[in-house]
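Worksheet for the structure shown next.
What follows draws every value from the coordinates through simple rules; no lab data is involved. Being a predicted model, the structure only gives us computed values, none of them experimental. As a convention, Cβ positions derive from the backbone with ideal geometry for all residues, glycine included, and neighbour counts pool all protein chains shown.
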Amino acid sequence: DDKLRVIVVARDPRDVFIINKYIWQQKQICVPFPLEVNEFCNFYKKMRESEKECTSNKVLRINFEDLIYKYEVTVKTIENFVGFDSDKHINKKKRFNPDLSIKNTQLFNAKTDYENEIKIIEKELKEYLYEFPYNLNNLTADTIEF
């Protein structure tokens, strides 16, 4: 109906790959992407290319990272999109806390065993990389599980 809204959330493929291969798989959590880097790049590229361009005012596209690095602006955008009164947003940062989730980003910056895999992703998927406002060297050992 007229109230239906869709929010499509994209995420930097470097962190997607690392989280799937080096965190979720190790914890025996179902991994929805290929774990070999070239297969991952092919899969990710096909997945993103299959998205249809949509100019509907009922579809909002955001980056997951914007919810962390540009929290206030992105939340305001979402509130406006769904017609939510920001005065009623009483549980800010209770279900999603950017101060915690930031530890799950930029995992690719740490010099680790997966440095070569990240170079491949950066070459093959450059159009899908998020431009972070500053660099962090987060470690997979310090990620937060929700």
Completion exercise
Taking a ≥ b ≥ c as the square roots of the eigenvalues of the Cα gyration tensor, with a/c under 1.5 meaning rounded and otherwise prolate when a/b exceeds b/c and oblate if not, region 6-117 is oblate
Problem - 3J(HN,Hα) from dihedral phi, region 20-32, Karplus parametrisation 6.51/-1.76/1.60, rounded to Hz, x for glycine, proline - result: 5, 7, 9, 10, 4, 4, 4, 8, 6, 8, 3, 10, x
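Sort 4-14, 98-108 for me by packing, meaning the mean count of neighbouring Cβ atoms within 10 Å per residue, highest on top.
Put in order of decreasing packing, that is 98-108, 4-14.
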Exercise for the section: May I ask you to evaluate 6.51 cos²θ - 1.76 cosθ + 1.60, the Karplus curve with θ = phi - 60°, for each residue of region 55-61 and list the ³J(HN,Hα) values in order in whole Hz, giving x for glycine and proline? Expected result: 10, 5, 6, 9, 10, 10, 10
Exercise for the section: Round to a whole angstrom and tell me the spacing of the C-alpha centers of region 5-35 and region 81-146. Expected result: 11
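Just order 42-51, 15-24 by mean Cβ neighbour count inside 10 Å, highest at the front, would you?
The densest-packed peptide leads the list: 15-24, 42-51.
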Exercise for the section: Give the relative contact order (percent, whole number) for the chain; include only Cα pairs under 8 Å separated by 6+ residues. Expected result: 34
Problem - Pairs beyond 20 Å (Cα-Cα), from LYS103/LYS123; LYS21/LYS70; LYS93/LYS126; LYS70/LYS94 - result: LYS103/LYS123; LYS21/LYS70; LYS93/LYS126
Exercise for the section: Would you please give the residues with an amide H less than 5 Å from that of ASN63, counting only those at least 5 places away or on a separate chain, with H modeled from the backbone geometry? Expected result: ALA10
Exercise for the section: Figure the gain on full extension for LEU4 and CYS30 (residue separation times 0.36 nm, minus the Cα-Cα span) and round it to one decimal in nm. Expected result: 6.4 nm
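Return the calculated 222 nm mean residue ellipticity for the chain, to the nearest 500 deg cm²/dmol, obtained by summing -39500 (n - 2.57) across DSSP H runs with n ≥ 4 and dividing by the residue count.
For the chain, the value works out to -9000 deg cm²/dmol.
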Completion exercise
Row for region 54-108, column shape: gyration tensor on C-alpha, a ≥ b ≥ c, rounded if a/c < 1.5 i.e. under 1.5, prolate if a/b over b/c, else oblate; value oblate
